[in-house]
Amino acid sequence: MKALDSPTLAALEAGKYAVRALALFDLPSGRFGMFDDEFNLAWGGDTYVGAAGRFTMQIPPGAADLSIRGLTITISALDSAALAWVNSQEYAQRPMFAALAFIATDTPHVVAVKTWFVGFIDTVTWQERVDGEARLIVRCESASRELDRSGARTRSDADQRALDANDGFFKHTLGTIATEVEWGANDPQAVAAKRKWWQIF
């Protein structure tokens, strides 16, 4: 659940608000921000260049099976700035995030920006429609994909010492792995204790 501050809640309750989309791509040449409105927006140290209807974002639906969903951003192929970074930048697997800006229309000013998707650029494809409209389809993967990815780390003394030579937390793990533990009736001592006297001789 997203927590909203008092000015944002007041604008929502009054019905005098607008919601616009922001997208930021962290490219090798620098951060490239887009804003779905007619003015530029400076927020969090970055400038989002605006143009009405500049792009659309397909909000990923929730999944009951907890599968990781991606984000699709559609940009007009007439956007010269977007074409420039697609044609000149190594964009694959570069970080990006998407946010929503809440604007109080009676002032007007941006009262809040809420990030709702963080991920990486996967692919950018050129799409030409039958009606002649050309679009750039930017598909992004969620950063949540890292949560179920297995790594090379092990619970061993050598692996832990590689991080900190003085950390011996796992120094007994190797011996513990080789230790045989007998459980229940398989324990030789427990079996011997239960033998009757005539079974011993």
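Put simply, when 82-95, 156-169 are sorted by average Cβ atoms within 10 angstrom per residue, most first, you get 82-95, 156-169. In a fully extended conformation the segment linking Thr179 and Lys114 would gain 18.1 nm over its present Cα-Cα distance, using 0.36 nm per residue.
Between His172 and Ser144, how high is the FRET efficiency from 1/(1 + (r/R0)^6) when r is the Cβ-Cβ distance and R₀ = 45 Å? Nearest 0.05.
0.80
Summarising the label geometry, the points placed 7 Å from Cα in the beta-carbon direction at Ser6 and Asp46 lie 3.0 nm from one another.
Using 7 Å Cα-to-Cβ label points, what is the Asp106/Lys16 separation (nm, one decimal)? Rounded to a tenth, the inter-label distance reads 0.3 nm.
All of the numbers you see were taken from the coordinates with simple rules; none came from a lab. Predicted model, so just to flag it, every value in this text is computed and none were measured. No Cβ is skipped: glycine too gets one built from the backbone with ideal geometry, and neighbour counts run over all protein chains shown.
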